[in-house]
Every structure is written in C-alpha cells, then in structure tokens.
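The values are calculated or read from the model by the stated rules, or taken from the named source; none is laboratory data. Quick caveat: nothing in here was measured; it's all calculated off a predicted structure. Neighbour counts are summed over all protein chains in view; Cβ atoms, including those assigned to glycine, are modelled from backbone coordinates with ideal geometry. When the accessible area is computed, the model is the full protein with side chains, heavy atoms only, and any ligands, DNA or RNA have been set aside. Shrake-Rupley method; radii C 1.70, N 1.55, O 1.52, S 1.80 Å.
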Amino acid sequence: MQNMDLGDNELKPIKILGAGNFGRVFLCNYRQKYKVCVKRIIVKNPKKEMKRVMHETYIMSQLRHSHIVHYVRSFVHAGTVNIVTEYAPTGTLHELIKRSLPNGFTAAEVMQHFCDILMGLEYLHTRHVIHRDLKPANLLVDSNFCIKIEDFGIWHGFD
C-alpha cells in the first residue's frame with residue numbers, strides 16, 4: 001500500500017478503510033505528522049458529476065464544528081476527486097453499535113451520541129446545509145467517543 005500513488009507525495013497510504021460505487025477511502029499518513037482519510041471519488045462522467053462533487057467539497061471546506069468531520073483539503077488527480085479529512089480512529093457509529101452487542105450502550109452513552117448528532121445537525125442547519133444521507137455509517141466516532149457527521153450527500157439550499 002505504501003507504494004500507491006494518490007497524486008500527492010505528502011500523502012502516504014497505509015490501508016483501505018472502505019470502498020463502494022463512488023471509489024475508495026484510504027487511511028494515510030499526512031506530511032509525516034498525522035493520520036488522515038482520503039476519500040477518492042471516481043468521476044465517471046465529468047460533465048455531469050464534477051460540478052456536484054466540487055460544490056459538495058466547497059461546502060465541506062466552509063464547515064467548522066466539533067461534531068462535523070474536519071475537512072483538510074481536496075485535489076483532483078487522474079480522473080478522481082480526492083477529499084482529505086480528519087481520521088476518526090474508533091470508526092463509524094455503525095461499527096461501534098455492532099461491537100457493543102449484545103449489551104449495547106448505556107443510557108448515558110445513547111444520550112451523549114444523540115446530543116452530539118443534534119449539535120452537528122443544528123450547526124449544519126444554521127449554515128443552510130441539509131444532510132441527505134444521515135445514518136450510523138456516516139457518523140464517525142473520534143478517540144474521545146464524540147460523534148462527527150460526514151459524507152454529506154448534501155443539498156445546499158435557502159440562498
């Protein structure tokens with residue numbers, strides 16, 4: 001994995017975290033200082049898709065909140081758009097739920113996660129951003145077990 005070229009020599013791939021129809025998500029070392037995620041989106045039809053992908057990337061770059069995944073930067077390389085974001089080492093809420101079975105979460109943990117999600121959504125809505133794909137797989141969990149909303153599938157309205 002270390003020899004894979006992502007199109008930026010400051011990013012050193014460690015492993016693949018996920019894959020789907022959109023492309024892949026890589027865990028990388030960034031500037032030899034810290035770990036980041038790189039979501040590599042394969043743009044199959046640039047005329048149709050590029051404007052939407054770039055618009056979503058622009059909106060992500062404008063968001064700053066403790067319960068929204070931190071955008072680092074983005075770049076285009078070899079027919080792909082690459083979005084660099086913070087790495088949440090605990091994984092997704094979906095993965096955390098599966099790991100917590102059969103006992104599940106305590107009431108306090110449920111309330112904390114619920115409040116984290118609500119605070120992130122409230123921030124998005126004050127910025128006139130609607131998250132169109134909110135689900136446990138799109139909620140990251142950081143090392144302090146705080147929820148971070150990601151993968152927007154968004155529509156920016158109300159302008």
Notebook entry, point to check: Are there any pairs with C-beta distances below 9 angstrom linking a residue in the stretch 43-69 that is farther than 22 Å from Leu121 by Cβ to a residue that is open to solvent by 80 Å² or more (accessible area, probe 1.4 Å), with the two at least 6 apart or on different chains, and if so which?
Noted result: Val43/Val76; Met50/Val76; Met54/Val76
Next item on the list: For Thr85, state whether it is touching a residue at least 12 places away in the same chain (Cβ under 8 Å), out of contact with any helix residue (DSSP H, G or I) (no Cβ under 9 Å at 6 or more places or on another chain) and within 23 Å of Glu10 (Cα to Cα).
Entry: no
Item checked: Index of the failed condition, Leu63 passing every other in (1) out of contact with any strand residue (DSSP E or B) (no Cβ under 6 Å at 6 or more places or on another chain); (2) modelled with pLDDT of 95 or more; (3) surrounded by 17 or more Cβ atoms within 10 Å (Cβ to Cβ); (4) more than 30 Å from Asp5 (Cα to Cα) -> (4)
Notebook entry, point to check: Assuming Cys146 fulfils every condition listed in (1) open to solvent by 70 Å² or more (accessible area, probe 1.4 Å); (2) at pLDDT 95 or above apart from one, which condition is it?
Noted result: (1)
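Would you mind stating whether Phe105 is open to solvent by 40 Å² or more (accessible area, probe 1.4 Å), among the aromatic types (Phe, Trp, Tyr) and touching a His at 6+ places or on another chain (Cβ under 8 Å)?
yes
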Margin query: Going through Tyr71, Tyr87, Tyr58 one at a time, which residue ends up being among the hydroxyl-bearing types (Ser, Thr, Tyr), surrounded by fewer than 16 Cβ atoms within 10 Å (Cβ to Cβ) and under 15 Å from the mean Cα position of the chain (by Cα)?
Written below: Tyr58
Notebook entry, point to check: Picking from Asn9, Asn3, Asn29, which residue would you name as being open to solvent by 30 Å² or more (accessible area, probe 1.4 Å), modelled with pLDDT of 90 or more, of a type outside the set (Phe, Trp, Tyr) and more than 22 Å from Leu140 (Cβ to Cβ)?
Noted result: Asn9
Notebook entry, point to check: Out of curiosity, is Lys15 within 13 Å of the chain's Cα centre (by Cα) and part of a strand (DSSP E or B)?
Noted result: no
